[in-house]
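Any read-out appearing in this document is the output of simple, stated calculations on the displayed coordinates, not a laboratory observation. Fair warning: this is a prediction, and the values are worked out from it, not measured in the lab. Cβ coordinates were reconstructed from backbone atoms using ideal geometry, including for glycine residues, and neighbour counts include every protein chain displayed.
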Amino acid sequence: MNKKPTLAILAAGMGSRYGGMKQIDGVGSHGEPIIEFSIYDAKEAGFEKVVLIIRREHEEAFRKALTDKIEPHMEVAFAYQDMTDIPADIVIPEGREKPWGTTHALLALRNVVHEPFAIINADDFYGKDAYRVLYKYLSEEIKDDEYAMVGYQCGKTLTDNGTVTRGICVKDADGYLSSIREVKEIARINGKAAYKDNGEWKELDEDTLVSMNFWGFTPKIFEEAQDLMAQELREGLKTDPLKCEALLPTTVRGLIQSGQSKVKVLSSTDSWFGVTYKEDKPVVVERIQKMKDDGIYPDVLW
């Protein structure tokens with residue numbers, strides 16, 4: 001494939017644990033949100049187009065806080081995660097407000113993106129090297145049956161302020177993802193990484209490979225994900241109608257198990273950080289400022 005890769009950003013979440021629209025909450029000295037540093041890093045790596053996956057009612061807020069600054073430097077497009085954009089046999093439960101998850105958000109791209117693309121979370125800082133590594137893969141190696149993810153060490157992705165959800169990954173001897181499972185309660189307990197299993201905390205190796213939703217796909221993923229999403233939502237609605245979701249790690253697991261796709265595990269020399277909870281923000285602000293002070297970022301990005 002020789003089409004120029006695009007960056008897509010998952011930015012439609014409701015931020016229930018954070019308590020607001022953390023996607024555009026400022027952490028930089030000039031009010032820049034994490035997503036702005038991600039776009040800056042992606043542009044340096046070679047990306048020239050970014051697609052923001054948002055809720056339609058948030059477009060004006062994103063334009064004012066972010067895209068008006070970026071459009072002179074990168075092509076910007078929006079894709080809208082719409083609660084009603086689901087298979088015809090699925091009925092939206094009364095009182096449902098939560099979006100349908102990251103796989104549903106991915107599918108919002110299907111009429112907007114027609115080239116290989118990276119997809120990331122809006123509120124995660126992945127590091128410059130991660131964008132360079134994935135851009136190179138998307139430009140030179142990706143195939144319709146061979147995707148990619150950038151993996152991180154679990155111990156470097158935790159917060160001191162609560163539990164997090166991570167995709168626990170295992171790769172084979174050839175460097176491809178062999179399994180992935182979503183674990184919803186991971187935390188640092190008594191100074192060590194741990195996860196909750198049937199109400200009991202169990203230690204987790206700090207070096208455990210995890211997915212932080214930094215994936216590389218081709219448009220082939222859209223048709224593959226449709227059926228997997230529908231299946232996951234049908235099952236989820238039986239037990240948790242107001243909060244069930246179709247999540248990218250689960251979708252990728254389905255593709256691997258069926259033999260439809262392989263996923264190359266790429267690694268980055270950089271560390272991840274993010275704002276899962278409001279209490280994380282001061283640490284992120286401090287780390288961003290230090291990178292500006294060290295010349296990794298200019299004082300004014302654009």
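Which percentage, to the nearest 5, of the DSSP beta bridges contained in segment 6-293 is antiparallel? Walk me through the numbers before you get to the answer.
Details: 29 of 50 bridges.
Antiparallel bridges make up about 60 percent of those DSSP assigns within segment 6-293.
Give, rounded to the nearest 20 debye, the magnitude of the charge dipole that segment 6-293 has about its Cα centre when Lys and Arg contribute +1 at Cβ and Asp and Glu contribute -1 at Cβ. Can you show the working numbers first?
Working: 37 positive and 49 negative charges, 88 e Å.
Using only the charged Cβ atoms, the result is roughly 420 debye.
What is the distance in Å between the Cα centres of segment 21-37 and segment 52-76?
Cα centroid of segment 21-37 versus Cα centroid of segment 52-76: 13 Å apart.
Please give every one of the lysines within straight-line cross-link reach of K196, meaning a C-alpha to C-alpha distance under 27 Å, and leave out same-chain neighbours fewer than 8 residues apart.
K22, K98, K156, K171, K184, K238, K243, K278, K281
P(r) of segment 159-302 in 10 Å steps, Cα pairs, percent per bin?
Cα pair-distance distribution for segment 159-302, in percent: 9, 29, 33, 23, 5, 0.
Among W215, W201, W100, determine the one that fluctuates most according to a GNM of the chain built with springs between C-alpha atoms less than 10 Å apart.
Fluctuation is largest for W201.
Among the trypsin sites (Lys or Arg not before Pro) within segment 31-111, which fall in a DSSP loop and have no more than 15 other Cβ atoms within 10 Å of their own Cβ? Could you put the intermediate results ahead of the total?
On the way: sites: K43, K49, R55, R56, R63, K64, K69, R96, R110; in loops: R55, R96, R110.
Sites meeting the loop and neighbour criteria: R96.
Quick one: grab the alpha carbon gyration tensor of segment 1-153, order the square roots of its eigenvalues as a ≥ b ≥ c, and give me rounded if a/c is under 1.5, else prolate or oblate depending on whether a/b is larger than b/c. Walk me through the numbers on the way to the answer.
On the way: a/c = 1.72, a/b = 1.18, b/c = 1.46.
Since a/c reaches 1.5 but b/c is at least a/b, the shape of segment 1-153 is classed as oblate.
Find the centroid of the Cα atoms in segment 88-109 and in segment 243-302, then give the distance between the two in whole Å.
23
Shape verdict for segment 75-169, please, from the Cα gyration tensor: rounded (a/c under 1.5), prolate (a/b greater than b/c) or oblate.
oblate
Exposed loop GluC sites (Glu not before Pro) only (DSSP loop, at most 10 other Cβ atoms within 10 Å): please give the longest stretch of the chain free of them, not including the sites.
On the way: sites that count: E94, E97.
In the chain, the maximal stretch lacking such sites is 98-302.
Amide H neighbours of F125 under 5 Å, at least 5 residues apart or on other chains, H built in the peptide plane: list them.
The list, which skips near neighbours in sequence, is F273, G274.
If you rank L255, L177 by fewest surrounding Cβ atoms within 10 Å, what's the result?
Working: L255 19, L177 26.
Listing L255, L177 from fewest to most nearby Cβ atoms yields L255, L177.
Using Cβ counts within 10 Å as a stand-in for footprinting exposure, how do V91, V265, V113 rank, fewest first? Please list the in-between numbers first.
Working: V91 10, V265 19, V113 24.
Ascending number of Cβ neighbours within 10 Å: V91, V265, V113.
How much length would be gained if the chain were fully extended between H114 and D197, taking 0.36 nm per residue of separation minus their Cα-Cα distance, in nm to one decimal? Numbers along the way, then the final one.
Numbers: separation 83, 0.36 × 83 = 29.88 nm, distance 4.08 nm.
Result: 25.8 nm gained on full extension.
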